[in-house]
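Structure, as structure tokens:
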Amino acid sequence: MNLPRLTVAFLAWAMLLAGLTLPTFAPEISNTAILVLMSIALLHLIWVPERRQLLRQPAGWMPLLAGLFLFIAFSLTAKSPLHVAAFLALVHLYMVVPMAGLLTRLGDALTLDRIGLFALAGTAGGAIAAAIDVFVLGSARAGLVNNPIHLAALGLALGFVSLIGIWGTGRLRTIFLLGPVLGIVTVYLTGSRGPTVAAAQMLLVAAAAICFSWLPARTARRVVGSSIAILACIVIFFLVTGVADELTPTGQILSLLRTGVTSDTSTAERLIMYQSAFDAFLASPLTGYGLLDYPAAAAAHAPPGVAFPVYAHLHNDIADFAVAGGLFGLLAYGLFLFAPLMGALRARGPLRIPLLYLGGVTTIGYFSMGMTNAVIGLRWQDIVLASVLALIVTLSTRSQGPQA
């Protein structure tokens, strides 16, 4: 039975609350709520007139194709039905189109300002939780409600999602500039180095989008080009002088490869996992070893005499997908990763720049954060990514008009 209009609107706003606000400070509530709302959205999709348009949007079909690749890979390596069903661990990302169907029913009420407010509230909640943990409870690294690295990744992602509100029409839209600031504060309080590097790249995307929004095109190109050149010089300087070696796990891994010595335990562990993952991938390059067995498969290919670190993942998205699904897994990873950007490229009119920003900053952020820790495939990060994809599908479809 078709749901009443007010009920649909309530469910749509609740879905944004669960997807953009709760993940940072109430992750378990967020996950439970979003799964219930996604189930309702899937049933509701039957009554969405635009469902075919939504399915044609890259941000909608790319995650579904990624899921198909994972299903094929896991089926070919399965030792039990559970191994095949493991592709459902990323179920949030397969529900983008139903989510968009629910959001579409909000019509013009779904504004950039309101999207920004939901994400800004989530960013602020994460920053407050981190501050309480450090300054009140005395923790060395904020992790009161979640693993420190996961909290940092969520806070950073939502902080930059909230920035989309500056393209809104509200008089106080400059408040959304606080989003990235609060996200970076959360990263600092968690002591997470990987998200620190991601923040720099995401800031560059944000600055470029703002330049192209408020400056003449020629001036914007000059400003962005000069900024990229300056940043490249700084990066080269850091690499040449060795300063970068101490800033991030990635830099320390590069230093270890050059010198063979590191004093950082987490860096050494990551290098062992990456080397083992590469060897495991070479041993089964097409289909991998399945989602339930891939850490053990990587451990089986560890260098002789080396203690393999015991974790639930390999601290790198590429390594995780390569070992779990082989080439099929890498294809799935690429589809998940580039879905926001490819979906945003379909936008037209005044929504084009803000959606290109949202798609670009999400793709860049998830790629960078996924280089030193698992991101795609962890349910809270998947919830945020699915919410962003659903928004891109909804708003880009609206920008193309009913005949798109």
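The values are calculated or read from the model by the stated rules, or taken from the named source; none is laboratory data. The shown structure was predicted, so the numbers you read here are calculated from the model rather than taken from an experiment. Cβ atoms come from the backbone with ideal geometry, glycine included; neighbour counts cover every protein chain shown. Just so you know, the surface numbers come from the protein's heavy atoms only, side chains and all, with ligands and any DNA or RNA stripped out. Shrake-Rupley method; radii C 1.70, N 1.55, O 1.52, S 1.80 Å.
For this structure, a couple of remarks:
- Gyration tensor over alpha-carbon atoms, region 1-136, equivalent ellipsoid semi-axes in Å: 28, 24, 13
- Backbone HN-Hα couplings from phi across region 145-154 [Karplus 6.51/-1.76/1.60, Hz, Gly and Pro as x]: 10, 6, 3, x, 5, 5, 4, 4, 5, 5
- With q set to 0.12, 0.16, 0.28, 0.29 Å⁻¹, the log10 of I(q)/I(0) for region 337-404, from the Debye formula over equal scatterers at the Cα positions, is -0.31, -0.52, -1.17, -1.22.
- Normalised per residue, the accessible area of region 1-103 is 46 Å², obtained with a 1.4 Å probe and no contribution from ligands, DNA or RNA.
- Sites L42 and L6 - FRET efficiency at Förster radius 25 Å, r taken between beta-carbons, to 0.05: 0.75
- Gain in span if fully extended, L68 to L172, counting 0.36 nm per residue against the direct Cα distance: 33.1 nm
- Rounded to whole Å, the principal axis extents of the Cα atoms in region 95-211 read 46, 33, 25, largest first.
- Expressed in Å, the radius of gyration and Dmax of the Cα atoms of the chain are 21.1, 67.
- log₁₀ of I(q)/I(0) at q = 0.19, 0.21, 0.22 Å⁻¹ - region 92-155, Debye sum with one point per alpha carbon: -0.80, -0.86, -0.89
- Looking at region 126-177, the pairs of alpha carbons with a distance over 18 Å make up 43% of the total.
- Between H315 and A374, the built amide H atoms are under 5 Å apart, and every one of these is 5 or more places off in sequence or on another chain.
- Under the Karplus curve 6.51 cos²θ - 1.76 cosθ + 1.60, θ = phi - 60°, whole-Hz ³J(HN,Hα) for region 216-228, x wherever Gly or Pro sits: x, 4, 5, 5, 4, 4, 5, 5, 5, x, 5, 5, 5
- Shown is the FRET efficiency for T111 and A312, computed with R0 = 41 Å from the Cβ-Cβ distance and rounded to the nearest 0.05: 0.60.
- Between D113, D320, D293, the GNM of the chain built on Cα springs shorter than 10 angstrom shows D293 fluctuating the most.
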